[in-house]
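So the structure is just underneath, and the comments pick up after that.
The values are calculated or read from the model by the stated rules, or taken from the named source; none is laboratory data. Because the structure is a prediction, the values reported are computed rather than measured. Note that we place each Cβ from the backbone using ideal geometry, even for glycine, and neighbour counts take in every protein chain shown. Heavy atoms of the whole protein, side chains included, go into the accessibility calculation; ligands, DNA and RNA do not. Shrake-Rupley method; radii C 1.70, N 1.55, O 1.52, S 1.80 Å.
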Amino acid sequence: MLINDGEYRETLGRIVDIVNRSRACAVQKASAEMVHMYWLIGGELNANIEWGNKYIDSLSKDIRSIFPQIKGLSARSLKYMAKFNREIDSQLCSSCCTIPWGHIMLLLDKTEPGARREWYISATIENGWSRAVLDHQIDIKLYERQALAGKVTNFTRTLPAPDSELAQQTLKDPYIFDFITAKQGKKERDIEDQMVSNVTKLLLELGTGFALVGRQYHLVVGQTDFYIDLLFYNIKLHCYFVVELKNDDFKPEYAGKLSFYISAIDGELAGEGDNKTIGLLLCKAKDDVVAEYSLQDLNMPIGVSEYRLGDVLPEEYVKYLPSPEDLRARI
């Protein structure tokens with residue numbers, strides 16, 4: 001008979017938590033060791049540069065007969081291991097050991113050795129992407145839109161380091177809202193509706209750390225009511241993000257209105273622990289020179305980016321996106 005049933009349940013719960021954490025840690029360590037083993041096997045294969053398909057087939061058959069309990073030693077897998085060892089050095093291999101083998105095979109298939117592949121490896125580790133999410137991010141050229149894009153902002157002047165650099169890295173140009181079609185987004189409100197209806201996809205496109213606070217967020221300043229298109233909070237930057245959506249080309253007056261909203265959020269909503277609010281203006285198109293002049297004398301941190309809807313994407317993006325038939329097949 002239990003003396004204290006509540007105390008017993010609490011003890012049981014703590015023990016279960018310890019076991020679960022230990023098992024998860026053991027699985028992670030086993031996965032990392034397996035990836036390292038694959039890299040070492042690839043090194044042995046690459047040491048014999050004369051091997052062909054018959055050599056690999058025979059080697060795979062013999063290895064599996066010796067280790068029948070170990071999966072993942074097919075001839076196809078051995079070829080991936082050889083490529084893994086050839087294209088990724090020992091230092092980068094240490095990073096790769098923290099992500100699953102399926103992710104690595106995807107990266108070997110869809111990226112070339114160099115900065116782009118290394119960026120996706122780091123982003124996968126930082127964001128904990130699933131294989132499907134990594135595949136999607138490569139398809140819609142996240143590296144080109146986030147790491148290489150010539151972003152129009154005034155962050156270096158209006159935000160302290162390192163916040164300015166982190167904010168700059170957060171932005172993309174253009175943003176790809178491939179879950180919204182032009183028919184669905186005839187007006188700005190229509191686009192907002194679709195964004196909120198597909199909030200998971202919206203947050204994925206915005207990036208890590210964003211949380212939706214509200215759409216058409218009501219703000220009272222003095223005796224006047226204002227409504228912000230989309231208000232987010234970024235937990236990595238510890239600040240609010242005011243997003244204004246325009247279903248036309250950039251105009252200088254848009255930056256002035258957004259600057260006012262940023263001031264209002266700083267004054268009416270942000271707390272002592274919050275950093276300076278950041279504004280993001282999303283337009284169908286922009287003239288970079290006009291946008292840069294518009295931000296030049298503004299003291300509020302603002303970025304200006306374009307956005308694309310699913311059925312009006314440039315050809316270089318469209319060809320990488322799955323067709324409706326592909327999506328149905330995957331589902």
Problem set entry | Cβ pairs under 9 Å, 6+ apart, first in the stretch 288-302 and more than 14 Å from T158 (Cβ to Cβ), second exposed (fewer than 13 other Cβ atoms within 10 Å of the Cβ) | D288/G150; V290/P252; A291/P252; Y293/P252
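Could you pull out the residue among F232, F226, F260 that is under 25 Å from A182 (Cα atoms) and out of contact with any Pro (no Cβ under 6 Å at 6 or more places or on another chain)? Explain how you work it out, then say what you get.
Numbers: F226 fails: under 25 Å from A182 (Cα atoms); F260 fails: under 25 Å from A182 (Cα atoms).
Sole residue among the options that is under 25 Å from A182 (Cα atoms) and out of contact with any Pro (no Cβ under 6 Å at 6 or more places or on another chain): F232.
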Problem set entry | Neighbours by Cβ (under 7 Å, 6+ apart or cross-chain): first from the stretch 47-65, on the phi < 0 side of the Ramachandran plot; second open to solvent by less than 50 Å² (accessible area, probe 1.4 Å) and in a loop (DSSP other than H, G, I, E, B) | S60/L73; S60/S74; I63/L73; R64/L73
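How about the stretch 198-221: which of its residues are closer than 16 Å to Q137 by Cα, touching a Ser or Thr at 6+ places or on another chain (Cβ under 9 Å) and free of Cβ contacts under 8 Å to residues at least 40 places away in the same chain?
As a first pass, look at the stretch 198-221 and keep what is closer than 16 Å to Q137 by Cα: 200-208.
Filter once more, keeping what is touching a Ser or Thr at 6+ places or on another chain (Cβ under 9 Å): 206-208.
Selection gives L206 alone.
Condition test on L231, is it at pLDDT 95 or above, within 24 Å of L295 (Cβ to Cβ) and among the hydrophobic types (A, V, I, L, M, F, W, C)?
Numbers: at pLDDT 95 or above: yes; within 24 Å of L295 (Cβ to Cβ): yes; among the hydrophobic types (A, V, I, L, M, F, W, C): yes.
Considered against the rule, which asks whether it is at pLDDT 95 or above, within 24 Å of L295 (Cβ to Cβ) and among the hydrophobic types (A, V, I, L, M, F, W, C), L231 comes out as yes.
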Exercise. Within the stretch 300-323, how many residues turn out to be modelled with pLDDT under 95 and more than 19 Å from A149 (Cα to Cα)?
Worked result: 7
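Please count how many residues of the stretch 239-260 are under 22 Å from A211 (Cβ atoms) and open to solvent by less than 10 Å² (accessible area, probe 1.4 Å). Spell out the reasoning first.
So in the stretch 239-260, the residues under 22 Å from A211 (Cβ atoms) come out as 239-245, 258.
If we keep only those that are open to solvent by less than 10 Å² (accessible area, probe 1.4 Å) as well, we get 239, 241-245, 258.
Total satisfying the criteria: 7.
Can you tell me which residue is modelled with the highest pLDDT among those in the stretch 184-198 that are part of a loop (DSSP other than H, G, I, E, B) and over 19 Å from F210 (Cα atoms)? Full working, then the answer.
Of all residues in the stretch 184-198, those part of a loop (DSSP other than H, G, I, E, B) come to 184-187, 198.
When the remaining residues are screened for being over 19 Å from F210 (Cα atoms), the result is 184-187.
Values: Q184: 80, G185: 74, K186: 77, K187: 85.
In this case the residue turns out to be K187.
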Exercise. Scanning for something on the phi < 0 side of the Ramachandran plot and either touching a strand residue (DSSP E or B) at 6+ places or on another chain (Cβ under 6 Å) or not in a helix (DSSP H, G or I) (or both), does the stretch 115-126 turn up at least one residue?
Worked result: no
For this session: Take L106 and decide whether it is modelled with pLDDT of 95 or more, more than 27 Å from S305 (Cβ to Cβ) and surrounded by 14 or more Cβ atoms within 10 Å (Cβ to Cβ).
Result: yes
Exercise. Which of the residues that make up the stretch 156-199 are over 19 Å from L309 (Cβ atoms) and open to solvent by 60 Å² or more (accessible area, probe 1.4 Å)?
Worked result: T156, R157, P160, A161, P162, E165, L166, Q169
